[in-house]
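As structure tokens, the structure follows; a few thoughts come after it.
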Amino acid sequence: MVPAEQTSLRRVLIVDDDRHFLRAVELYLASDLQLVLASSGEAALEVLDTQSFDVVVSDMNMSGISGVEFIKQARLVAPATIYMLLTGSRDSSIAIQAFNEAGIYMMVSKPCDLKDLRECIFAAGNEYDKQVG
């Protein structure tokens, strides 16, 4: 259910090379969010060239470019977008790198509960509204 204060669906790009995770996200969140899915950082950068998003959620460890590198490049195209990073790592240096180098809004541990991910995306969307509104 979309919160009452949410008048239109959030535009969210989910980037992950795990197709099972993308499918689960799509099944769980598609009714609440306007989702676009990308299976790599490179594919997501192509999407960002033609579409805008409130929130981008990227996995950290993907084949090709890493989530941090993807977000750094994505910021050049879409600086107002709010970026979140998913990671299965418990290494705090990765979190520090992500916040310092990529300026992420939030890091979410994987595996994650999709209900919790949904709430984090809505929080990021509220941050987006503050920045552009």
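The values are calculated or read from the model by the stated rules, or taken from the named source; none is laboratory data. These numbers come from a predicted model, not from an experiment. Every residue, glycine among them, receives a Cβ derived from its backbone with ideal geometry; neighbour counts consider all protein chains shown. Keep in mind that these areas ignore ligands, DNA and RNA; they rest on the heavy atoms of the full protein, side chains included. Shrake-Rupley method; radii C 1.70, N 1.55, O 1.52, S 1.80 Å.
Starting from residues that are of a type in the set (S, T, N, Q) and over 19 Å from M60 (Cα atoms), keep the ones in the range 21-43 and report whichever is surrounded by the fewest Cβ atoms within 10 Å (Cβ to Cβ). Only one residue fits best here, namely S31. Summed over the range 69-89, the residues that are surrounded by fewer than 22 Cβ atoms within 10 Å (Cβ to Cβ) and within 23 Å of H20 (Cβ to Cβ) give a count of 3. Filtered by the rule that a residue be touching a residue at least 24 places away in the same chain (Cβ under 8 Å), in a helix (DSSP H, G or I) and open to solvent by less than 60 Å² (accessible area, probe 1.4 Å), the range 90-115 gives I94, A98, A102, L114.
Please verify whether E69 is part of a helix (DSSP H, G or I), under 17 Å from E42 (Cβ atoms) and of a type in the set (D, E, K, R), treating the condition exactly as stated.
Numbers: part of a helix (DSSP H, G or I): yes; under 17 Å from E42 (Cβ atoms): yes; of a type in the set (D, E, K, R): yes.
It is true that E69 is part of a helix (DSSP H, G or I), under 17 Å from E42 (Cβ atoms) and of a type in the set (D, E, K, R).
Here is a yes/no grid of residues against (1) among the β-branched types (V, I, T); (2) at pLDDT 95 or above:
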residue	(1), (2)
A38	no, yes
E42	no, yes
L45	no, yes
V56	yes, yes
G64	no, no
G67	no, no
A74	no, yes
G88	no, no
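Close contacts from the range 62-77, counting a first residue that is without any contact (Cβ under 8 Å) to a residue 24 or more places away in the chain and a second that is part of a helix (DSSP H, G or I) and surrounded by 22 or more Cβ atoms within 10 Å (Cβ to Cβ), with Cβ to Cβ under 9 Å and a gap of 6+ residues or different chains, come to none at all.
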